[in-house]
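Just below is one structure, and these are the notes that go with it.
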Amino acid sequence: DNSRYLRINKSGRTDLNGGRNGPWTEFIATSNEDGALLLKAVKSAKWLTIAGGEFVSSDQPEPLLLEFGAKASGLVIESSKLPEHSAVESMLRSAQSNELFPWPVQLCQKGGYTLLSTISGNVACNEEGKFHNKGGQGKWAQWQMESTPGGKSFKNVGHGRYLTLAPQGTLELADAPASFTLADLTSTPSITEEMPLIDDAVISASDIARFKEQGYIIVRNAVPAEFIRDALRSINFQLGKPDCWEADGNPLNAAQLALKLPPAGIGRDIFNKSSVFWSAVNVIMGAGNVAPWHRGQQVALRFPQPLERGHDIPDIKPGTQYHIDGMGQNKLCPFTLLCGVALSDQTRPNMGNLHVFPGSHLHEGLHKYYREKIKDDEQGEADSSKPDLGESVQVLLRPGDVVVAHQLLAHRVGVNTSEHIRFQLYYRVKHKNHDALKGRIVDDPWVEFAI
């Protein structure tokens, strides 16, 4: 569409609703030491990048790849986070230590070497020997991939040494080749072989009635204790690493850290192997309409406030301070169910609990606002022109409980004035036909449900 131009507005919101020669659509093009393109918005002073296949902004320069389009005379901009050839996302596993690679990667062949591309950039080992996943295409991010008896080895072009994984999952370079196996993450587990049987009894008739009326339910003890333990251990291990203290680039995960659970391990197992959780989602959406989980999830931590804010302070805000996922990102109904898995105790209020507005999923005035202003950059929690929904309800959870909410349910994050970090995972679950049905959801909130 030649009438739509990329823009980054003053708040950092990125969309394709800019006008030709508009004040927010002007960019300055530079390059970094690896020769990768950097684009900076003139008026907002934000840098353009890509996260999850979407244009987003960043406060720091982010490398982009520039290539000529085959079917047009113009240019096609791609993030250095995205591969040029391979669309298959894989997880590398060390054949020696059996440890998983810290990030899912796509293997991209370019000019006789391989790039290990992640959603944040290419895996690189800089001149000082520090590993990161924000590299461009220079020698520190280039790898020579070779076949070994145990799989594949990767030799760094800049250092002339081989990639290896230490027993604790730490990336290192070694003089001898180390073998890695590749697991394709685009394939989903077999339902008949690996998925739990669906138990209709986990959701009662009163649960269904409550979900229809309130827009959410709590499924108690939905995730086994050992999965909660392993998820916490994985998160806490990452909290001890400097590279986790970066903001998540996905706009749906705003104000959260970029740390993730291993997609081929505990993050997948919580959804696919927790029989109560799996059954509950299938009862609500209909058996056969839910695919086994093979993506990432949001790790949502709510840190305690400073001591001067007081202890156990009532978390009360105006009835217009809330959001529906998709607001501010120009995404109408981006999924079907929001499922929050509690990893820490939230049995008291004011612990960073999720706040919900019961019944708001059926609020016609809110539906009208959501749809009519979905392209408005100001749509979101701060917009006081939204319908006033009154007082919110704090969701009280024990570790292993799951709150299951309709996508249209208004909610907000809570303030934590306890002494503990609030640990939570969010799975945004889509109906198998979501792409075809999402345009009908606002008019028919139950189009994707079997209840």
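The values are calculated or read from the model by the stated rules, or taken from the named source; none is laboratory data. On a predicted model such as this, the values are computed, not experimentally measured, just so you know. Cβ placement follows ideal geometry from the backbone for every residue including glycine, while neighbour counts extend to all protein chains displayed. These accessible areas exclude ligands, DNA and RNA; they are computed on the full protein's heavy atoms, side chains included. Shrake-Rupley method; radii C 1.70, N 1.55, O 1.52, S 1.80 Å.
Give the lysines reachable from residue 110 as a straight Cα distance under 22 Å; neighbours fewer than 8 places away on the same chain don't count.
71, 81, 134, 139, 152, 155
Under 12 Å from the Cβ of residue 27, count the other residues' Cβ atoms, weight Lys and Arg +1, Asp and Glu -1, and hand me the total.
Combined, the nearby Lys, Arg, Asp and Glu give +3.
May I ask for the net charge around residue 261, where only other residues with Cβ less than 12 Å from the Cβ of residue 261 are counted and Lys, Arg are +1 while Asp, Glu are -1?
+2
With every protein chain kept in the model, how would you rank 386, 110 by accessible area, 1.4 Å probe, largest at the top?
110, 386
Lysines within cross-link reach of residue 438: Cα-Cα under 17 Å, excluding same-chain residues under 8 positions apart?
Within reach: 331, 368, 373, 375, 430.
Subtract the Cα-Cα distance of residue 10 and residue 433 from 0.36 nm times their separation in residues, and report this length gain in nm to one decimal.
Gain in length upon complete extension: 148.7 nm.
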